Ligand code: G
Ligand code: G
Ligand code: MN
Ligand code: NA
């Protein structure tokens with residue numbers, strides 16, 4: 001099938017949804033937040049992973065529409081969860097933003113209106129950046145999002161596109177340690193030392209640190225040993241649809 005055409009249709013048909021992966025307190029396993037992740041289930045082809053459709057959306061000029069859809073749906077969901085007691089007042093929701101979205105000067109006012117509409121405090125929302133971004137335009141947008149009170153996280157820290165310069169140029173409030181470093185924790189001396197150094201730097205800068213891709217108790221314990229307090233990964237659970245998230249995490253949280 002022509003995936004671009006199918007994606008265009010999916011946006012109109014509500015085939016594009018959001019799944020939520022818990023971010024937990026490493027020591028207790030209690031959820032302190034979640035990351036919103038785009039999900040597309042095509043009526044005939046079944047699930048199409050973001051690694052496939054996000055690049056298509058970028059090429060087709062649809063990444064703005066996809067991003068808007070995910071953000072609006074995620075903020076609406078957080079408003080509902082806050083109102084019905086599924087999550088507490090400290091719960092943070094992370095939303096991915098593409099480089100393209102960060103060049104839209106209207107993004108901060110759009111976000112501000114959505115926060116009001118859904119009754120969500122800005123301090124409960126974090127935007128994750130993981131791509132090369134045009135520094136001047138994105139800098140302005142990120143400063144305005146930060147001024148609203150939203151958090152700004154560097155995603156995939158240490159790999160992909162996460163230059164240290166972002167920490168100086170952008171109003172960053174935290175980092176997410178890429179899962180490739182978490183993978184070797186407790187068994188690779190290099191990974192242990194790299195994560196230890198990243199944590200020391202983040203602490204000195206006053207940034208929060210979230211470890212991604214935590215799959216084993218060995219990794220969790222190694223993270224705790226170097227002072228990481230928040231984690232995300234299959235050890236606690238994958239991204240799941242909102243109803244399942246509420247059912248599972250309401251009881252434990
Ligand atoms: O769940 P996983 O397969 O869910 O996600 C794969 C990749 O797709 C990740 O790198 C993630 O950052 C990216 N991704 C998931 N949802 C979104 C989204 O809503 N917007 C953008 N820009 N990227 C997303
Ligand atoms: O935005 P980001 O690139 O961080 O997207 C999160 C991606 O990581 C998603 O594709 C998600 O399915 C994946 N993921 C989440 N938890 C784990 C994990 O414990 N191990 C691995 N290998 N991948 C994970
Ligand atoms: Mn992310
Ligand atoms: Na990541």
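The values are calculated or read from the model by the stated rules, or taken from the named source; none is laboratory data. Computed from a predicted model, the values in this text were never measured in an experiment. Heads up, the Cβs are rebuilt from the backbone with ideal geometry, glycines too, and the neighbour counts pull from every protein chain shown.
Could you say whether any residue in region 84-93 is crowded, with 19+ Cβ neighbours inside 10 Å and either farther than 22 Å from residue 245 by Cα or within 16 Å of ligand 2 (Cβ to nearest atom) (or both)? Yes, because at least one residue in region 84-93 is crowded, with 19+ Cβ neighbours inside 10 Å and either farther than 22 Å from residue 245 by Cα or within 16 Å of ligand 2 (Cβ to nearest atom) (or both).
I want to confirm something. Restricting to region 144-155 and keeping residues that are crowded, with 18+ Cβ neighbours inside 10 Å and free of Cβ contacts under 8 Å to residues at least 40 places away in the same chain, which single residue is farthest from ligand 3 (Cβ to nearest atom)? Explain how you work it out, then say what you get.
Taking region 144-155 first, the residues crowded, with 18+ Cβ neighbours inside 10 Å are 145-146, 150-155.
Right, trim to free of Cβ contacts under 8 Å to residues at least 40 places away in the same chain and you get 145-146, 150, 152, 154.
On the way: 145: 16, 146: 18, 150: 15, 152: 12, 154: 10 Å.
That would be 146.
From 180, 202, which residue is on the phi < 0 side of the Ramachandran plot, in contact with a strand residue (DSSP E or B) (Cβ under 6 Å, 6 or more places away or on another chain) and within 16 Å of ligand 4 (Cβ to nearest atom)? Checking each option against the conditions leaves just 202. Can you work out which of the residues in region 123-140 that are within 21 Å of residue 112 (Cα to Cα), crowded, with 23+ Cβ neighbours inside 10 Å and without any contact (Cβ under 8 Å) to a residue 40 or more places away in the chain is nearest to ligand 3 (Cβ to nearest atom)? For region 123-140, the residue satisfying everything is 127. Scanning for something within 21 Å of residue 30 (Cβ to Cβ) and surrounded by 17 or more Cβ atoms within 10 Å (Cβ to Cβ), does region 101-110 turn up at least one residue? No, the conditions are met nowhere in region 101-110. Within region 198-220, being within 20 Å of residue 125 (Cβ to Cβ), in contact with a helix residue (DSSP H, G or I) (Cβ under 6 Å, 6 or more places away or on another chain) and not in a loop (DSSP other than H, G, I, E, B) holds for one residue alone: 209. Do we have residue 211 as under 28 Å from residue 146 (Cβ atoms) and surrounded by 15 or more Cβ atoms within 10 Å (Cβ to Cβ) here? Taking the combined requirement at face value, the residue satisfies it. Checked against (1) assigned to a helix (DSSP H, G or I); (2) away from ligand 4 (no atom under 15 Å from the Cβ); (3) within 22 Å of residue 28 (Cα to Cα), residue 195 passes all but a single condition, namely (2). Among the residues making up region 9-31, those that are more than 16 Å from ligand 3 (Cβ to nearest atom) and crowded, with 16+ Cβ neighbours inside 10 Å are 10, 11, 15, 16, 17, 26, 31. I'm trying to understand the selection: among the residues of region 164-182, which are surrounded by fewer than 20 Cβ atoms within 10 Å (Cβ to Cβ) and touching a helix residue (DSSP H, G or I) at 6+ places or on another chain (Cβ under 7 Å)? Once the filter is applied, which keeps residues that are surrounded by fewer than 20 Cβ atoms within 10 Å (Cβ to Cβ) and touching a helix residue (DSSP H, G or I) at 6+ places or on another chain (Cβ under 7 Å), region 164-182 yields 167, 169, 171. Looking at region 221-229, can you tell me whether even one residue there is surrounded by 14 or more Cβ atoms within 10 Å (Cβ to Cβ), modelled with pLDDT of 95 or more and assigned to a strand (DSSP E or B)? No. Considering 187, 162, the condition of being closer than 25 Å to residue 238 by Cβ, within 16 Å of ligand 3 (Cβ to nearest atom) and touching a residue at least 12 places away in the same chain (Cβ under 8 Å) is satisfied by 162 alone.
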